[in-house]
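The values are calculated or read from the model by the stated rules, or taken from the named source; none is laboratory data. All of these numbers come straight from a predicted model, not from anything done at the bench. Quick reminder, even Gly has a Cβ in these numbers, built from the backbone with ideal geometry, and neighbours come from all protein chains shown.
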Amino acid sequence: MPDLLQYLTDCKFILVSNREPYEHVKGARGIEVRQPAGGLVSALDPTMRRIQGTWVAWGSGSADKETSDDSGRLQVPPGEDAYTLRRVWLEDSEVEAYYHGFANRSLWPLCHMLIHYFEYRTEFWDRYRAVNLRFAHAVADEAERCAGRSMAWIQDYHFALVPEFLRAIRPTTFIHQFWHIPFPPPDILRLLPIGSHEVLLRGLLGNDLVEFQIERHVLNFLDCVAEFVPQAEVDLGDQTIRFQDRVIQVAAFPISIDFDKYQEMAQSTDSERLVQTLRTRYAHGSRQLGVCVDRVDYTKGIPERLRALDLAWTEHPELRGRFTFIFVCTPSRSNLPAYTQLEQEVGQTVIAMNQRFGTADWTPIVLISENVDADLLAAVYRAADICMVSSLQDGMNLVAKEFVAAQVDERGVLLLSRFTGAAEEIEGAVLINPFNVDGFVSAIRTALDMPTEERRRRMRRMRRRLQNNTIFDWLDGILARCADVMSAQTPPANVRVAG
Ligand code: ADQ
């Protein structure tokens, strides 16, 4: 892990995210603490321990109030007391309208350009603004508790308005934000009711630095600001925006994974045993094993993938029995109708396809509809000959990177949607357009027939790239850029620039 403290001398670091890193829940044996699964928490938690910052997040656990003080604060990890978690309380109706509503039913489909899923209610927007203001006050309160300058790092699309609110309350705080999902072009953003797209963009312009996954999202954001914020001057060359006597920087920082950790998990003794079992069961003789791992989400292209497999087995009967696919598809956002419908569709389609194509000794698709621990996932990735990522749009897609890190035997081929951030960053995958079913089928054939030497060559190339671009490099890159921007600002910030 790089020494991130070098960028933060005397500067209090405040991280803001919707999900909290530790959640207290009432269990059968009293209060239990849970750490939500997910790459971001597992990468940022060690960083926060080291930096001893403050993490501001929604207190979502049933026992969260009992385990925090009157301001919602507590020391975490439990027993280690390395940093402060500041919980923000939300009513159920606020969670419904701000989180399930505006964030997940309005912004999520809009940013992924899947506009037939886009829904808007005035109530969603009103609550989103109110909750963003409450978070801004919580962050300002944390910033006020320290003598020196503070830096707030806001995560994602749940908080587009926090930067502007926070700047109004506490102008000396350095504010930056990472937007994990795509950013749409103006023609899509304008589907928000008149006025609210400008308010959303002005919210983001409260940042000193706005970070996206890839260059294309940066350009879309700059285009939207140029079109909808009349007072803003956009410089496409420098990727800066002059607004209200400030300069806002916009840049791409592709997120990544803890490569070494994935590789180690894939090489453990337990993992080797599981790889053996999986290959004996599903990849004996010339039969190959495929894998895909996603949350069940309409952005991930799961029906499109099933359609391609269906077509492959229908039009090319010689492909039946040549490979088995493990689908690890965990239900998510199950309280939204679009997601429950998709879960049912996926389950029913898999059953129908297995009945149609399966034989006594061959199950075409093995569906696993639950959360799988990362070390087990690493073994499944390692065992596979093919990994399919077929997102219709995806900010980055970490599954593609996890597969590459776990491929220590270099036998696997990555079939990767060209609409993922990952496809624009790594070379060596077989690119697919999930909307083009015939092209998808021929990519599956290409992967199945790819000679061992070419598989190795492609996989090595991707592994080299990711080994040198881990989540820690991502963090280091962002904080180094912040230190640069801060030191160029007047009055000079009390931050020492590395080197
Ligand atoms: P997601 O849309 O959640 O993330 P992704 O980047 O693929 O998509 O990350 C999913 C994570 O969840 C991976 O670490 C994966 O291993 C894990 N996961 C998925 N299904 C699982 C299962 N069944 N069991 C256990 N783990 C599972 C958003 C954006 C992405 C962006 C990330 C990070 O939509 O584009 O890459 O944030 O910025």
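Here are some notes:
- Verdict on LEU222 being surrounded by 17 or more Cβ atoms within 10 Å (Cβ to Cβ) and away from the ligand (no atom under 16 Å from the Cβ): yes
- Hits in the range 465-491 (condition: over 29 Å from ARG242 (Cα atoms), crowded, with 20+ Cβ neighbours inside 10 Å and of a type outside the set (A, V, I, L, M)): THR470
- Listed conditions (1) among the aliphatic types (A, V, I, L, M); (2) surrounded by 19 or more Cβ atoms within 10 Å (Cβ to Cβ); (3) farther than 16 Å from VAL56 by Cβ are all met by LEU166, apart from (3).
- Qualifying position, being out of contact with any strand residue (DSSP E or B) (no Cβ under 9 Å at 6 or more places or on another chain) and part of a loop (DSSP other than H, G, I, E, B), among ASP69, ASP64: ASP69
- Condition check for LEU415: within 15 Å of the ligand (Cβ to nearest atom), outside any loop (DSSP other than H, G, I, E, B) and more than 14 Å from GLN467 (Cα to Cα): yes
- Taking first residues from the range 257-278 that are under 21 Å from ALA400 (Cα atoms) and partners that are of a type in the set (Ser, Thr, Tyr), the Cβ contacts under 7 Å between residues at least 6 apart in sequence or on separate chains come to ILE257/THR470; ASP258/THR470; PHE259/THR470; MET265/SER271; ALA266/TYR381.
- Criterion: in a loop (DSSP other than H, G, I, E, B), among the β-branched types (Val, Ile, Thr), in contact with a strand residue (DSSP E or B) (Cβ under 6 Å, 6 or more places away or on another chain) and within 16 Å of the ligand (Cβ to nearest atom) - qualifying residue of VAL366, VAL372, VAL380, VAL399: VAL372
- Residue match in the range 302-322 (condition: over 18 Å from the mean Cα position of the chain (by Cα) and aromatic (Phe, Trp, Tyr)): yes
- Flag for ASP81 being at pLDDT 95 or above, assigned to a loop (DSSP other than H, G, I, E, B) and more than 23 Å from the chain's Cα centre (by Cα): no
- Residues that are more than 10 Å from the ligand (Cβ to nearest atom) and within 28 Å of PHE178 (Cα to Cα) do not occur anywhere in the range 438-451.
- So LEU205, is it in contact (Cβ under 8 Å) with a residue 24 or more places away in the chain and either touching a Lys or Arg at 6+ places or on another chain (Cβ under 8 Å) or under 17 Å from GLN177 (Cβ atoms) (or both): yes
- Residue within the range 333-355 that is touching a Pro at 6+ places or on another chain (Cβ under 9 Å), among the charged types (D, E, K, R), modelled with pLDDT of 95 or more and more than 12 Å from the ligand (Cβ to nearest atom) present: yes
- Applying the set (1) surrounded by fewer than 20 Cβ atoms within 10 Å (Cβ to Cβ); (2) polar (S, T, N, Q); (3) at pLDDT 95 or above to THR420 leaves exactly one unmet item: (1).
- Number of the condition not met by ALA360 [criteria: (1) within 12 Å of the ligand (Cβ to nearest atom); (2) surrounded by fewer than 15 Cβ atoms within 10 Å (Cβ to Cβ)]: (1)
- Applying a threshold of 7 Å to beta carbon distances and a minimum spacing of six or more residues, or different chains, the list of pairs starting in the range 378-389 at a residue that is buried (at least 24 other Cβ atoms within 10 Å of the Cβ) and ending at one that is of a type in the set (Lys, Arg) reads ALA383/ARG279; MET388/ARG305.
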